[in-house]
1. Looking at segment 237-258, can you tell me whether even one residue there is buried (at least 19 other Cβ atoms within 10 Å of the Cβ) and within 30 Å of GLU338 (Cβ to Cβ)?
2. Output the residue which, of all residues in segment 169-198 that are under 14 Å from TYR339 (Cα atoms) and aromatic (Phe, Trp, Tyr), is surrounded by the most Cβ atoms within 10 Å (Cβ to Cβ).
3. Looking at segment 145-177, which of the residues that are among the aromatic types (Phe, Trp, Tyr) and at pLDDT below 95 is farthest from GLN3 (Cα to Cα)?
4. Among the residues of segment 406-448, what is the count of those that are farther than 19 Å from ARG309 by Cα, within 21 Å of the chain's Cα centre (by Cα) and of a type in the set (A, V, I, L, M)?
5. Out of SER13, SER63, I need the residue that is at pLDDT 95 or above, crowded, with 21+ Cβ neighbours inside 10 Å and not assigned by TED's automatic domain parsing to the domain that holds LEU144. Which one?
6. If we only count strands (runs of 3 or more DSSP E) wholly inside segment 84-168, which ones have 3 or more residues that are surrounded by fewer than 17 Cβ atoms within 10 Å (Cβ to Cβ) and touching a strand residue (DSSP E or B) at 6+ places or on another chain (Cβ under 6 Å)?
7. Within segment 178-193, which residues are in a loop (DSSP other than H, G, I, E, B) and at pLDDT 90 or above?
Amino acid sequence: MTQKIAIIGGGFSGVMVAINLLQKANHPLEIHLIERRNKLGEGIAYSTPSDHHLLNVPAGKMSAFGDQHDNFLQWLNINYPDQLITADTFVPRKFYSEYLRSILQDAEQKAQAGVLLYRVLDEAIAIDQTLNNLIITLKSGEQLFVDQSVLALGNFPPQNPAISNPSFYQSSRYVSWAWSEPQLPLKSIHEPLLLIGSGLTAIDIIATLKAQNHQGKIYVVSRRGLFPQPHAKVEPFPPFLTPESAPKTTRELVHRIREEIDKADQKGYNWRAVIDSLRVETQSIWNHLSPPEQARFLRHVQPYWDVVRHRIAPDVHQQIQELFNHQQLILYAGRILEYSENPDHVDVMIRQKHHQELLNLRVSLVINCTNSVGDYQKLSSPLLSNLFKSGLIRSDSLNLGLDVTKTGALIDQKGEISQQLYTLGTACKGHRWETTAVREIREQSENLATGLLN
């Protein structure tokens, strides 16, 4: 009897689940990979065509396979031999989607007889559960009958920042999501603009503007006023925390890490090495914190963790510094209070951190570069709305994603563990915290595929 599995989402997570199923299956299997984009392997992260949008991790650490550490590097050297790419090179992100499509095709060609991959160019909008199978309804009206389904949904658009009068968010001078338009609606390279948020998305937009020789002021506002730190080659630091030895409160945990950074500095180690040494235990340490302490971490520590943990390519950081040095790029810590739109500009009122006087910025365009929404019940997704309404899924206790088990099985609103619905990646953030990088997703996809086949 042929097993049938649907994977909803054809970005990195979905493609990796498909690849692992193709490689591991030794019985008749149908894989339905559902993606509304024309190209697989892109999602938000790798869909950019720009050469200036680089991977945030060097090529030598981006293999899709944990047991083949130089797989991506080998692929790059075969396909781009004239670029002299080494393990330390930060390559354009568009290369990675090409790589994913290539290894997916290779896995498909080498799969055992009876193991088939179907590419479904469509959008899943509903799932109905019966005793024996799942019925997946597509936007086109077609229905798929499968045994199990994997939600590989990736990241979603951000919400508009909360203000008392949100009417400006309907304006043509507001871009609600940095990735919603292929080109920013700027009339002149001299126009001043404001980016809301100072994370990795803002970095991408700034890199784009610099590549386009933008001459206008680039204002950035975020609650803490912090940009991601750059990568640097460092000597590895020995692990110093385990789930058992780690403090059980956020305050003590932060103090312990800072203390270790100071000790490491005295021994000649870079702070990056200390943060990197936590990587292997981060998920376990997170799960040893109580829910109130996890919530406290999110409120007080997350912005600082993000800028030291999720770093950027040195070349990109240098570009940012050049814009700072020329006073073209200006970063503020604060929050937006209101917008006042006029025919040729918009005035943005900002309450700066540690300042009594309000700041007014006059710009031509405002771009939302904040993080994706974590509360899945607030998303405008037909599929998620359907699953919440039918009771097949529920949010995790922190509203960072969905409630799941360690194996990725979804938990319904009655608290029952599904034997048919699974997820990975971003949706598991509440339970795993570190769950969006290549290293974690390749491990999750392999384990998930093994479990589905067994």
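The values are calculated or read from the model by the stated rules, or taken from the named source; none is laboratory data. This is a predicted model, so every value here is computed, not measured. In this analysis, Cβ positions are derived from the backbone assuming ideal geometry, glycine residues included, and neighbour counts consider all displayed protein chains.
1. No, that holds for no residue.
2. Taking the candidates together, the pick is TYR174.
3. Kept after step one, since they are among the aromatic types (Phe, Trp, Tyr), are these residues of segment 145-177: 145, 156, 168-169, 174, 177.
Retained after the next criterion (residues that are at pLDDT below 95): 156, 177.
On the way: PHE156: 30, TRP177: 39 Å.
Selected residue: TRP177.
4. Residues meeting the conditions: 5.
5. Values: SER13 fails: not assigned by TED's automatic domain parsing to the domain that holds LEU144.
It is SER63.
6. On the way: elements: 115-121, 124-129, 134-138, 143-146, 148-151.
Once the strands (runs of 3 or more DSSP E) in segment 84-168 are filtered for at least 3 residues that are surrounded by fewer than 17 Cβ atoms within 10 Å (Cβ to Cβ) and touching a strand residue (DSSP E or B) at 6+ places or on another chain (Cβ under 6 Å), what remains is 115-121.
7. Going residue by residue through segment 178-193, those that are in a loop (DSSP other than H, G, I, E, B) are 178-192.
SER188, ILE189, HIS190, GLU191, PRO192 - these are the residues of segment 178-193 that are in a loop (DSSP other than H, G, I, E, B) and at pLDDT 90 or above.
Condition check ((1) outside any helix (DSSP H, G or I); (2) of a type in the set (A, V, I, L, M)) across all residues:
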site	(1), (2)
ILE7	yes, yes
MET16	no, yes
LEU22	no, yes
ILE44	yes, yes
ASN56	yes, no
GLN68	yes, no
GLN74	no, no
